[in-house]
Amino acid sequence: MAKYVAEPFKIKMVETVKMTTREERIEKLKAANYNVFGLSSDDVYIDLLTDSGTGAMSDKQWAGMMIGDESYAGARGYKKLQSAVEDIFGYKYMQPVHQGRAAEQVLLPCLLKKGQICISNMHFDTTRGHVGLLGAIPTDIVVPEAADTFNYAPFKGNMDIERLEAKIQEVGQENVGLIIMTITNNSAGGQPVSMANMKATYEIAKKYGITLILDAARYAENAHFIKSREEGYADKSIKEITREMFGYASAFTMSAKKDAIVNMGGLIGVKDNEALYTMVKGWTIPYEGFVTYGGLNGRDIEALAIGLYEGLEEDFLRYRIGQMEYLGDCLRERNIPFQFPVGGHAVFLDAKQILPHIPYYQFPGQALACELYIEAGIRSCDIGSYLLDLDPVTGKQQQSEMEFTRLAVPRRTYTQAHLDVVVEALEKIMERRDQIKGYEIVWQPPVLRHFTAKLKPVE
Ligand SMILES: *Cc1c(COP(=O)(O)O)cnc(C)c1O
């Protein structure tokens, strides 16, 4: 029987959510053109659209908001954040920015040139976008286990070291501008990267004189997986593990809206390269604002400095990952297929297996997301062929290797009973899955269509 790790906190403030009827939800979904991004959050009961910026801040973070210093230059919070970054990650320099993609916008042009290749275990969408905007070529080299949703592997987020080295030799080291290690590997389903893999990747980067940076949004969840799954780390603290992970890189970008549990914020860290840090400061000013606030309110910086530590708390992480494992175990007991084992922030339902009669061009992941909403007011999203834009050259629908429906769980927000509602809804959907229809797109923009496209059920 699936076991739930009880919350290491109690609740001080609540936010009411509206209950709707099935008939109302059918109408709302139709009015939203069968696009979950078109729904009002007021019409959603359990919102698992994303874990980004949707977590609940602690009383200490809220208290920090009250003492935030809103000075334009030299604000107190900046120093506090600087000392947190140095203490946790061991990096000498840091730059706050307003979110993860802003960190990419500022840092990547300092490291990557037009025509160069950028290698990652897997680029997150916005990272891929920024690499493309620079005229560089993003290449993903994740281990093959990532595509096997059924069998257990402890570190499905790893870089494929052999293929990495072969790629560098094939294209020539001077043509590889950058290596980005994404922890955890979001696009592979929040799957972790092992310490051994981070170290081996860093050694290859050094051997060929290539800069390696971390895309570190889920630094703490990755550290927890290393502690619980990798030999030699069980007795190390999460903070020690984090420090070691960040040692295997020269810089990092971070969306603080994930493991640092703030609603808005981002960070750039530079280990010791002063010239790089000077460049980062230079670009921050036109894009984000003066260096000591970097596009954030003083109160946001205060909450971030506190959240960086709270994300690392071991009792919190045991509960946090425990929630994901509970959800995964409940699904396994009912033979509902998903990417196994669960990732740190989300469960990826295998919509290709759940709805085998729906072809990729009728979007099984999207169809399952629509059913979850109709069944119980649960908002999830497609991570499959619907997410892929049309091929820019042929104009044809591209086929994704996997068809997932993602259940991303916000931090410190939902209870065991909420997760049970999700499991029950999926059980009901499984019973009537043969009757579920696919979707077709009736309107779409040229890029990033999944946010705004209009769909209708296939007759
Ligand atoms: C969320 C995320 C980003 C982008 O961060 P934003 O704060 O949404 O701009 C980049 N990389 C990874 C791995 C992420 O999860």
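The values are calculated or read from the model by the stated rules, or taken from the named source; none is laboratory data. Bear in mind that the values here come from a model prediction, so they are computed numbers and not experimental data. FYI the Cβ positions are ideal-geometry reconstructions off the backbone, even for glycines, and counts take in every protein chain you see. Protein only, heavy atoms only, side chains kept; ligands, DNA and RNA dropped before computing areas. Shrake-Rupley method; radii C 1.70, N 1.55, O 1.52, S 1.80 Å.
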Three-way shape label, region 62-310, alpha-carbon gyration tensor, a/c 1.5: oblate
1.4 Å probe accessible area per residue over region 62-310, in Å²: 38
Residues whose placed amide H lies under 5 Å from that of Thr211, excluding near-sequence neighbours: Ile179
³J(HN,Hα) computed for each position of region 65-77 - Karplus, 6.51 cos²θ - 1.76 cosθ + 1.60, integer Hz, glycine/proline x: 4, 6, 9, x, 9, 8, 4, 5, 10, x, 5, 3, x
Kirkwood-based shape ratio for the chain, expressed as Rg/Rh from alpha carbons: 0.95
Straight-distance crosslink candidates among aspartates and glutamates, where the alpha carbon sits under 14 Å from Lys3 and sequence neighbours closer than 8 are dropped: Glu325, Asp329, Glu333, Asp420
Per-residue ³J(HN,Hα) for region 383-399, Karplus 6.51 cos²θ - 1.76 cosθ + 1.60, θ = phi - 60°, Hz, x for Gly and Pro: 10, x, 5, 5, 5, 7, 6, 4, 4, x, 8, 8, x, 8, 5, 8, 9
Unsatisfied cross-links (Cα-Cα over 18 Å) in the set Lys12/Lys258; Lys114/Lys281; Lys18/Lys456; Lys199/Lys271; Lys30/Lys437; Lys92/Lys207: Lys12/Lys258; Lys114/Lys281; Lys18/Lys456; Lys92/Lys207
Point-charge dipole on Cβ atoms (K/R +1, D/E -1) for region 62-310, about Cα centre, debye to 20: 380
Farthest positive-ward along the chain dipole, Cα basis, beta-carbon charges - from Trp443, Leu327, Asn158: Trp443
Most to least packed among 96-109, 379-392, 165-178 [average Cβ atoms within 10 Å]: 96-109, 379-392, 165-178
Share of carbon and sulfur in the accessible heavy-atom surface of the chain [1.4 Å probe, %]: 52
Net dipole in debye of the chain [+1 Lys, Arg Cβ; -1 Asp, Glu Cβ; about Cα centre; nearest 20]: 620
Amide hydrogen neighbours beyond the local backbone of Gln116, cut-off 5 Å, H modeled: Ile137
Diffusion coefficient, µm² s⁻¹, Stokes-Einstein with Kirkwood Rh over alpha-carbon pairs of region 1-151 at 25 °C and 0.890 mPa s: 118
12 Å Cα-Cα reach of Lys428 towards aspartates and glutamates, excluding residues that sit fewer than 8 places from it in its own chain: Glu371, Glu375
Relative contact order, percent, the chain [alpha-carbon distance under 8 Å, six or more residues apart]: 23
Cross-link reach list, lysines versus Lys236, counting only Cα pairs under 16 Å and skipping chain neighbours closer than eight places: Lys227
3J(HN,Hα) from dihedral phi, region 115-130, Karplus parametrisation 6.51/-1.76/1.60, rounded to Hz, x for glycine, proline: x, 6, 9, 10, 9, 9, 4, 6, 6, 6, 3, 5, 5, 4, x, 5
